[in-house]
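Single-structure report; data block below.
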Amino acid sequence: MPSFNVMIEPIENLYLRFAAAKTMARPTLLSMTPGGGSISTTNKTITTGNPYLEPTRANTMDVSIEWYPDRDTLVTLGIFQKELKSYIQSRAQYFKLSDLGYNYAELGETSDVAYLVTTPVNTPGGDLKGYELNLQKPFTFLPGFLGRTGGILNYTHVESRIQYYTSPTATTTTEADLLGLSPNAWNATLYYEGEAFSGRVAASYRDGYLSQLAPGSSADFWGKHETLNIDAQLTWKINSHLTAVLEGINLTNEPDDRYIAYNTAQGNTAQDLLYDYGTSGRQYYFGLRYKY
């Protein structure tokens with residue numbers, strides 16, 4: 001596909017990058033295979049692939065500024081925009097058995113009834129834009145042992161409006177965020193690098209996001225609430241061969257909190273109802289590394 005990339009260095013250690021491209025992602029073989037589905041005569045539903053799926057196409061543009069003020073410091077700002085010309089989603093629609101090439105009598109039906117058919121389809125897509133900021137700096141200007149510390153920070157903000165079919169009879173689409181994408185996310189790490197001891201504490205945050213689309217179920221979107229995970233690691237270099245490592249994962253015991261957005265009768269507005277809530281607990285690991 002056509003693509004264009006350029007990089008310039010207007011002043012020393014400052015880089016400007018620009019990229020533009022037309023991209024294409026082909027559907028998976030599973031989503032295109034019509035024979036890989038199922039039929040339920042009890043629920044009158046059919047799940048199948050779609051051999052007529054078109055690829056997901058997009059026009060993309062990225063601009064970034066990178067500054068390296070010294071050998072250990074990095075400051076970057078990236079801006080991106082993606083115009084999705086098409087998107088692939090699962091859609092549920094009603095079709096008579098004869099429209100699908102079935103003989104209703106062979107399925108035990110007494111008439112040509114309609115079944116709810118769930119299959120991947122192409123949609124009009126939508127727009128996605130945002131920016132990303134990255135900072136990396138050792139704190140060598142601090143006195144004493146603090147001069148061995150440093151920090152790493154990145155932040156991403158994304159706005160996405162994708163068109164989805166949410167009703168079996170809908171002729172128009174509904175706008176919502178791209179599945180699996182948080183509008184805001186950041187990671188922060190504080191570290192210490194000594195000759196014998198080193199350690200780091202890392203925090204990772206992401207906004208809640210939509211995780212699944214279940215069209216035609218009165219619960220169109222499923223999602224996950226925001227999370228903030230904190231991990232830590234300590235390393236002790238006992239000698240030139242032996243190193244001890246202590247690691248803690250999910251120190252705040254962050255829960256996995258998921259929901260289903262139902263359209264309720266209360267003002268015909270969506271309400272987030274609990275789907276799943278669980279905690280995996282804090283995890284601690286101790287290990288020894290030997291190098292010879």
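Tabulated results
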quantity: Sole residue being aromatic (Phe, Trp, Tyr), in a loop (DSSP other than H, G, I, E, B) and farther than 30 Å from residue 199 by Cβ, chosen from 94, 102, 115; calculated: 102
quantity: Spans of strands (runs of 3 or more DSSP E) in segment 1-88 with at least 2 residues within 25 Å of residue 179 (Cβ to Cβ) and out of contact with any Ser or Thr (no Cβ under 9 Å at 6 or more places or on another chain); calculated: 56-67
quantity: Residue 167 part of a strand (DSSP E or B), of a type outside the set (A, V, I, L, M, F, W, C) and without any contact (Cβ under 8 Å) to a residue 60 or more places away in the chain; calculated: no
quantity: Residues within segment 96-112 that are within 39 Å of the chain's Cα centre (by Cα) and either surrounded by fewer than 17 Cβ atoms within 10 Å (Cβ to Cβ) or among the charged types (D, E, K, R) (or both), tallied; calculated: 4
quantity: Restricting segment 174-205 to residues that are assigned to a strand (DSSP E or B), in contact with a Gly (Cβ under 8 Å, 6 or more places away or on another chain) and not β-branched (Val, Ile, Thr), the residue that is nearest to residue 230 (Cα to Cα); calculated: 188
quantity: Top-ranked residue of segment 71-105 - restricted to ones that are farther than 30 Å from residue 210 by Cβ and charged (D, E, K, R), ranked as modelled with the highest pLDDT; calculated: 96
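The values are calculated or read from the model by the stated rules, or taken from the named source; none is laboratory data. As the structure is a prediction and not an experimental result, all values here were calculated from the model. All Cβ positions, glycine included, derive from the backbone under ideal geometry; neighbour counts span all protein chains shown.
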